[in-house]
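Below you'll find the structure, written out as structure tokens, and then a few comments.
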Amino acid sequence: MISSCMICVCIVTCMQVHAQLNTGASLLKLQQDFMDLRFGMFICLGSPTFQDEDWANPNMDPAEFNPSKLDCNQWAETAVSAGMKYGCLTTKHHSGFCIWDTKTTDYNVMNSAYKHDIVKEYADAFRSHGLKVCLYYSILDIHHNLRPGWIDTKKNTQFVLDQLTELLTHYGEISELVIDGWDAPWSRISYEDVNFEAVYKLVKKLQPNCLVLEHNAAKYPVQEMFYTDVKHYEQNAGQKISKASNDIPAQAGIPINKTWFWKTSSPTEELKNTDSIVLNNLIPLNEAHCNFILSVEPNRLGLIDDNAVQALQLIGQKWKNLGNAPKLPRETKPIIARNLAKFQKSSSSWPDYYLSDFGNDDNFRTAWISNSSVKAPWYEIDFDKPQRFNMVVISELFDGKKYNEARITDFVLQYFDGNNWIDMAIQQSNSIIKVLRFPVVQGVKVRVLLKHFLPRPGIAEFGVYYEQ
């Protein structure tokens, strides 16, 4: 029975402006300003450049790294010729080799044959050409054993925080931090193994106007911001944005060559067609609230090959950056906290062969589905001990498919305080992804009672969060 004790809750919906952790612009303004840039250059340079591999030997001798004629001004001039407005440099890829003057490890460019801080040279050159500066950083780090089987959460999180502190304090304003190798099927490093919330808060503390972009579009539903300020799509990995329906800030990218890092075949291989880049990427993506970032790989001398330089000049002749991208239709606050419901005990009314644990298995392609004969379905999470929380997210995606409309249209959300089930007075949501924020409560259980729904309602993920 539903308790008569009602708690009036002021719901903060996902359409509110993100409260900054430090002095800075609103998240919506930062996202819109970034969308107005429209087109950027992704610069993949690191130990893979000298090994003909995108994933380099993590124990490569630093002496092998020697881009002896490196010229970041050439990169910037090439970007400007294409109409680009920002760059993004790989400061550390999955092999763990750092191309900045870091004090966190000896495995860095200062101990290579080159011995110059490339992040500084890049930042100074791009900024001097009026381009925004963004950085790429990999959480997966094979050289330093930040990888499955070796995880030490406290040690690994501190290592990441120390490296990011250097990157965000020594090189001026950083417009966007692109993070890779985290919470992906191939990296298997969760947001608990390395504390996402701690990393996110550090970024906002050190650089309040820096957007965090996490490479997780392959896993999380496209309708909301899970652990990112901008949704990223790696197009050549099969991640496709809906150009018709996307309404959140996004970035999509491809390499102009066949691969992300330079190969010995790069100077003579056929590049991506410039007409296709403009007509099938730049123009339609920009109209769908999505920036386009094109990877252009410096060679072993540290220069962009002539064929790529000429291709970017041609792109600049075919397309002009007009700024002022279409306005984002809504404000989207990212989910950044740990999911307390993940892998906890779950129960439900009579399911089909999709059992309750499919609803909190951290997999949006599986789902708990109610048996069609059940008239009043329910789904419940049982914690081992009382938990404080202030947000529930109910996701209705599963099996890699998208419903065109929400199947759960009316519901009651409750928590059990140890003695009673207490209703939460929430604003109903007809979204496929229902993000429900409210003042902090404490309970040992939380459940949803479905009141009105289309046949065979299902929950792909029932998330419970405590955002501090």
Equivalent ellipsoid, the range 212-316 (semi-axes from 5 times Cα gyration tensor eigenvalues, Å): 27, 16, 10
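Taking N as the number of residues in the chain, what value does Rg over Cα atoms divided by 2.2 N^0.38 Å take? Don't jump to the answer; show the numbers that get you there.
Numbers: Rg = 23.5 Å, N = 468, 2.2 N^0.38 = 22.8 Å.
Normalised Cα radius of gyration, the chain: 1.03.
Provide 150, 75 in ascending order of the number of other Cβ atoms located within 10 Å of each residue's Cβ, fewest first.
On the way: 150 12, 75 27.
Taking fewest neighbouring Cβ atoms as first place, the list is 150, 75.
Which of the peptides 178-184, 362-368 is most tightly packed, and how do the rest follow, judged by the mean count of other Cβ atoms within 10 Å per residue? Write down the numbers at each step before the final one.
On the way: 178-184: 22.4, 362-368: 18.4.
Answer by packing, highest mean first, reads 178-184, 362-368.
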Ranked 229, 33, 193, criterion: other C-beta atoms within 10 Å, fewest first: 33, 193, 229
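Using the 10 angstrom Cβ neighbour count as an exposure proxy, how do 274, 409 rank, fewest first?
Fewest-to-most Cβ neighbours within 10 Å comes out as 409, 274.
Counting alpha carbon pairs within less than 8 Å and at least 6 residues apart, what relative contact order, in whole percent, applies to the range 27-318? Write out the running numbers ahead of the final one.
On the way: 585 pairs, mean separation 69.1, N = 292.
In percent, rounded to a whole number, it is 24.
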Low-density loop positions, trypsin sites (Lys or Arg not before Pro), the range 59-93 - DSSP coil, at most 16 other Cβ in 10 Å: 69
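If you take every DSSP beta bridge whose two residues both sit in the range 27-318, what share of them, in percent to the nearest 5, is antiparallel? All intermediate terms of the calculation are to be shown ahead of the outcome.
Values: 3 of 37 bridges.
So the antiparallel bridges amount to about 10 percent of the total.
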Along each principal axis, Cα extent of the range 37-151, largest first, Å: 43, 28, 28
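Using the C-alpha gyration tensor of the range 353-468, what are the square roots of 5 times its eigenvalues, in whole angstrom, with the largest one first? Mind showing how you got there, number by number?
Values: eigenvalues 99, 43, 41 Å².
Equivalent ellipsoid semi-axes, largest first: 22, 15, 14 Å.
FYI, it's all coordinate maths here, none of it is from the lab. Because the structure is predicted, anything quoted here is derived from the model rather than measured. Neighbour counts run over all protein chains shown; Cβ positions are idealised from the backbone, glycine included.
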